[in-house]
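Since the structure comes first, as structure tokens, the remarks are kept for the end.
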Amino acid sequence: MTALASDPAVTLDAVTRRYGETTAVEDLSLSVADGEFFSLVGPSGCGKTTTLRLIAGFEEPTGGTVIFNGEDVAGVPPEDRNVGVVFQNYALFPHMTVGENVAYGLNFADPPGGASDDQRVAELLELVDLPGTQSRDPRSLSGGQRQRVAMARALAPGPDVLLLDEPMSALDAKLRERLRVQVREIQQELGITTVYVTHDQEEALAVSDRVAVINEGTAEQVAPPRDIYHRPASRFVAEFVGDNNVFDGEVRAVTDDTAIVGIGEERISVGISDREGPAVSVGDRLTFCVRPEVLTVPGRSNRVTATVESAEFLGETTRVHLDWADHDLTVRTRDALDGDVTLGFDPEDVHVVERRN
Amino acid sequence: MTDGDQADGRTRQRLRAAVERRSLPALAVLSVAVLVVVFYYPVATVLVDAVLVEGRMTLRAFRGILTDPFYFGELARLFAGDSPLAVIDALLSGDRRLGVVGFTAYQATLSTVASVLLGVPLAYLLARYEFPGRETVRSLTILPFVLPSIMVAVGFYATFGANGTLNATLALVGLGPVDLLPSLSAIVVAHAFYNAPLVARITTAAWESVDAGAVETARSLGAGPFRAFRDVVWPQIAPSILMGGALTFVFTFGTFPIVLALGGFELATVEVFVYRLIGDLNYAEGAALALVELAISLGVLYGYLRYEAANTIESGGARPQGRKPLWPPSYSARELLPRVGLAAYAVVAFVLFIAPIASMVYASISGPNGLTLEHYQFLVERQMAGASFQVRPGTAVRNSLVFGGAALAVALPMGVVISVLTTRRYRGRKLVDTVAMAPLAVSGIIVGLGLLRGLVFGIDIGGWRIAVDGALAIVAAHAVVGYPFVVRIVAPELEALDRQLVESARALGAPRARALLDVELPLVWPAVIAGAAFAFALSVGEFTATAVLASGTGQYTMPIAIERFIGRRLGPATAMGVVLLVVTSVSFVLVDRLGGDRVGL
């Protein structure tokens with residue numbers, strides 16, 4: 001674990017939130033460093049939004065503690081936590097103009113840097129690329145514009161932490177891609193600690209410093225995007241993030257840098273040289289994954305012969321579903337595949353997800 | 001700016017923040033305190049009155065009522081220990097006695113049947129047909145809530161009385177005269193006037209929420225139109241019809257002004273007898289009888305709520321069925337029959353709903369020699385020259401307006417605070433909801449009696465005698481009657497607001513009370529105004545509690561004045577009724593324009 005110069009901006013320590021019989025968040029621990037863009041990603045109902053609401057103070061944990069800069073914030077109401085929140089539906093006050101919306105938080109806190117309220121509003125609208133819209137009715141704006149007004153409103157009082165709850169999910173795909181870049185730029189410019197909740201793993205990978213994959217109320221893995229993608233720590237992460245081929249097998253032989261794993265009658269060489277944790281030995285059960293894009297047509301040291309079942313044309317590539325010895329196999333390729341094909345991949349491109357002995 | 005100024009400013013800011021932070025809990029505590037003082041304590045007083053006779057706990061008063069055939073008819077013999085078989089035998093015989101309670105239940109049952117029979121066709125018309133003025137008719141169904149029942153009674157006198165418009169019309173064609181007042185049928189019809197729109201309102205809402213897709217699916221699976229109605233539509237509207245019926249039964253079981261005015265003492269219900277017992281200063285028996293009535297009403301309501309909990313069908317996000325034109329598109333039997341039925345219904349409904357109001361207005365401006373303003377003149381003269389024991393119309397109008405304004409000033413903030421409390425999610429919310437809504441189920445007689453015995457007569461606390469002025473007690477009673485309706489109108493609107501609006505405000509630094517003031521109230525203000533108009537109109541029209549509290553004092557209101565006129569001079573009573581109609585109509589227009597659609601009743 002990295003040593004931090006100061007206390008993390010936000011820490012959750014063994015936080016649990018129950019509603020009667022159901023548990024939304026269970027024994028969740030994570031910390032967000034100052035200035036970090038941190039994403040919570042997971043399927044709907046996994047507890048990521050509850051986690052955000054616990055940080056904002058809209059809910060109190062039933063167990064564990066929420067810590068801001070080293071201080072326990074139990075019982076501190078949302079208005080005193082100095083957080084900015086942007087919701088999925090933006091929640092702009094419909095009876096106020098854009099300018100009044102952005103200025104609302106300045107009723108309770110002076111604008112940072114000694115600016116006047118009007119200056120601050122203008123500055124924020126400039127920042128989100130909506131200059132001069134102060135007197136507009138928020139209902140007359142498009143979804144993307146509303147989202148940016150909500151962002152400006154949340155940032156106006158100069159919060160310590162920005163909390164974004166699925167802020168893009170009501171927008172269409174193209175706009176989402178453009179806006180997430182803008183959100184990331186604003187976050188970098190202000191250096192503000194940001195917690196971003198999304199069910200869209202691609203979005204989380206694209207903008208975050210670190211990502212926590214949440215499943216059934218607990219964090220399955222907390223890591224930078226590349227590690228989440230290439231080195232998933234659990235079967236759930238491997239299957240949730242991107243397309244993947246996940247297999248279970250038993251180790252039949254081990255050399256210095258590879259393990260030979262048997263799946264039924266088939267054999268796959270799995271690279272283990274960069275593996276952390278206990279060494280792999282013969283007889284272990286391994287769960288491992290191979291990304292569809294590394295399965296290429298002329299064979300490498302691992303070769304499998306599979307039968308094409310169906311194909312989805314996605315534009316730049318084609319996703320092909322194959323049957324390999326009664327296992328489902330997915331491949332991403334630009335080539336047209338048909339009938340029986342032989343595919344190959346390197347042992348180093350196989351990642352061991354879980355090991356049981 | 002000096003350091004001192006800055007420190008001063010900061011102190012002020014901190015003070016303001018502290019006030020804003022605590023104001024909502026403080027208001028909540030205050031509302032509960034008011035509720036305890038003006039409702040729970042007085043009702044408890046009534047209970048104590050009923051069981052504490054000459055300083056000793058006794059159930060004598062209850063036993064006396066239950067075993068007295070005067071109240072319970074043949075059933076009293078059952079409570080007295082007779083064999084059930086003998087009682088059933090007696091009930092089946094021709095000269096059975098119902099007793100006062102039995103008669104009350106009997107007229108309530110008849111009234112409920114009449115209200116359902118008149119209300120459901122209206123719901124069918126409103127939910128399934130398109131015609132000009134449909135929206136207006138629909139919003140008029142809320143009118144009975146704000147029409148004072150004593151005014152409706154005057155309207156019935158002006159229509160069905162010996163010199164009413166009905167007899168005048170019959171005389172024109174050489175028939176009559178008929179004597180309809182006082183009679184059980186007049187009471188039942190008046191109750192239908194009052195409650196059929198309620199049944200229609202509730203049923204229409206349910207009918208409109210039936211998903212057209214579900215009906216279309218049934219049709220595509222082979223069901224004919226009638227079968228689709230029976231299998232898909234009926235199961236969804238039946239609970240609402242039953243709910244309208246249950247509420248009608250409870251309202252008409254506890255009826256007071258209509259029976260008092262249209263039935264006289266020969267056709268007295270429980271409530272009228274309680275009023276009479278109080279007049280005779282027989283508080284123990286009066287209180288016991290009022291509690292027996294309350295127990296029966298609550299029993300019916302509870303039974304209904306159990307049924308509702310088990311039978312509610314949620315159909316969210318439904319696409320309503322299309323409306324048919326009122327004029328038949330073709331002249332087939334299938335198109336014509338329902339429309340002929342509706343036309344017949346329209347004639348009955350017109351006579352029932354329009355005639356009483358129109359007759360009252362007509363009677364107020366007509367005399368033996370044609371049109372005249374003499375009745376209004378009489379009101380003015382009585383105000384100028386009336387003796388001190390006589391009811392002065394101007395004073396009645398003034399009292400009504402003052403009490404209405406004062407009751408509003410209590411009911412509105414209380415209703416808003418309770419709305420906030422009942423729309424937030426927390427443990428014990430159901431309890432708060434029940435405690436806050438209980439006044440809806442308790443009759444004005446009990447509230448009035450409790451306030452009279454508990455607060456007006458005074459309480460001894462540590463040697464101090466605390467007594468409240470009668471006018472204050474009337475205001476308290478009116479506030480108790482009015483605030484649940486504020487809650488019923490405002491709470492659904494607050495509930496429908498996006499919770500994240502408040503959360504956004506709070507994340508931006510606003511304390512809870514500030515978020516209410518800055519965000520929620522501006523967004524639901526039409527409902528707040530509608531609630532205010534409702535509370536005001538209910539206060540202006542309130543009769544029962546006022547009758548108990550104002551008897552023998554100068555604090556009479558317009559409804560009380562009408563009741564005193566009604567037996568002797570119909571003309572001035574109708575003139576007074578028109579004044580009342582104008583005041584309540586203004587309130588109705590406000591309610592309708594500003595959010596009567598969501599009244600949660």
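Determine, from the Cβ-Cβ distance of A:Asp326 and A:Asp129 and an R0 of 51 Å, the FRET efficiency 1/(1 + (r/R0)^6), rounded to the nearest 0.05. Intermediate values should be presented prior to the final figure.
Details: r = 53 Å, r/R0 = 1.05.
Result of the calculation: an efficiency of 0.45.
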What spacing in nm lies between the two simple spin-label points modelled at A:Ala336 and A:Ser140, each 7 Å away from Cα in the Cβ direction? 5.4
Mean Cβ neighbour count within 10 Å, used as a protection proxy, ranking B:470-479, A:129-138 highest first: B:470-479, A:129-138
Can you give me the C-alpha center-to-center distance between the stretch B:475-527 and the stretch A:197-228, rounded to a whole angstrom? 38
Given B:485-498, B:150-163, the highest-first ranking by average Cβ count within 10 Å works out to B:150-163, B:485-498
Angle, helix A:117-127 long axis vs. longest principal axis of chain A, Cα atoms, 0 to 90°, nearest 10? 30
Hey, got a sec? Which GluC sites (Glu not before Pro) in the stretch B:229-303 land in a DSSP loop and have at most 12 other Cβ atoms within 10 Å? B:Glu266
Note on the stretch A:243-356: contact order normalised by length, alpha-carbon pairs under 8 Å, 6 or more apart, percent, works out to 31
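Before I look further, what does the protein assembly as shown give for accessible area per residue, probe 1.4 Å, in whole square angstrom?
About 46 Å² of surface per residue is accessible.
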Run through the DSSP bridge list for chain B and note the antiparallel percent, rounded to the nearest 5. 80
How many partner chain Cβ atoms sit within 10 Å of a residue's Cβ in peptide A:89-96, on average, as a whole number? 5
Please determine, in degrees from 0 to 90 and to the nearest 10, the orientation of helix A:143-155 with respect to the longest principal axis defined by the Cα atoms of chain A, where the helix direction is its Cα long axis. 70
Identify which of A:Ile67, A:Ile263, A:Ile214 has the largest mean-square fluctuation in a Gaussian network model of chain A, with springs joining Cα atoms closer than 10 Å. A:Ile263
For the protein assembly as shown, which whole-number percentage of the solvent-accessible area (1.4 Å probe, protein heavy atoms only) is attributable to carbon and sulfur atoms? 57
If r is the Cβ-Cβ distance from B:Leu326 to A:Thr97 and R0 is 41 Å, what FRET efficiency results, to the nearest 0.05? 0.40
Could you work out the relative contact order of the stretch A:60-192, using alpha carbon pairs under 8 angstrom and six or more residues apart, expressed as a whole percent? 33
Averaged across A:53-60, how many Cβ atoms of other chains sit within 10 Å of each residue's Cβ atom? 2
Quick one: helix A:173-190 against the long Cα principal axis of chain A, what's the angle to the nearest 10°, folded into 0 to 90? 60
Kindly work out what percent of the DSSP beta bridges joining two residues of chain A are antiparallel, to the nearest 5. 75
Describe numerically, in nm with one decimal, the distance between label points set 7 Å from Cα along Cα→Cβ at A:Arg303 and at B:Glu381. 12.2
Under a straight-distance cross-link criterion of Cα-Cα below 14 Å, which aspartates and glutamates are reachable from B:Lys324, leaving out those fewer than 8 residues away in the same chain? B:Glu130, B:Glu208, B:Glu335
When B and A pair up, the total accessible heavy-atom area removed from solvent (1.4 Å probe), in Å² to nearest 100, is 2000
What does the average come to when, for each residue of peptide B:509-517, you count the partner chain Cβ atoms lying within 10 Å of its Cβ? 4
Restricting the count to DSSP beta bridges whose residues both fall in the protein assembly as shown, what percent are antiparallel, rounded to a multiple of 5? 80
For chain B, which DSSP H helices look membrane-span-like by this rule: Cα extent along the axis of 30 Å or more and mean Kyte-Doolittle of at least -0.5? B:3-35, B:99-128, B:184-208, B:283-311, B:393-423, B:470-496, B:570-595
Can you give me the relative contact order of chain A as a percent, contacts being Cα pairs under 8 Å and 6 or more apart? 15
Could you compute the FRET efficiency for B:Thr11 and A:Asp117, with r as their C-beta to C-beta distance and R0 at 30 Å, rounded to 0.05? 0.85
Specify whether the C-alpha gyration tensor of chain B places it in the rounded, prolate or oblate class, a ≥ b ≥ c being the square roots of the eigenvalues: rounded for a/c under 1.5, otherwise prolate if a/b is larger than b/c and oblate if not. rounded
Please give, to one decimal in nm, the separation of the simple spin-label points placed at A:Thr62 and B:Val432, each 7 Å out from Cα toward the Cβ. 2.0
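The values are calculated or read from the model by the stated rules, or taken from the named source; none is laboratory data. Predicted, not measured: the structure shown is a model, and the values here were computed from it. A quick note on method: Cβ atoms are made from the backbone with ideal geometry, for glycine too, and the neighbour counts reach across all protein chains shown. Side chains are part of the model used for accessible areas, which takes the heavy atoms of the whole protein and leaves out ligands, DNA and RNA. Shrake-Rupley method; radii C 1.70, N 1.55, O 1.52, S 1.80 Å.
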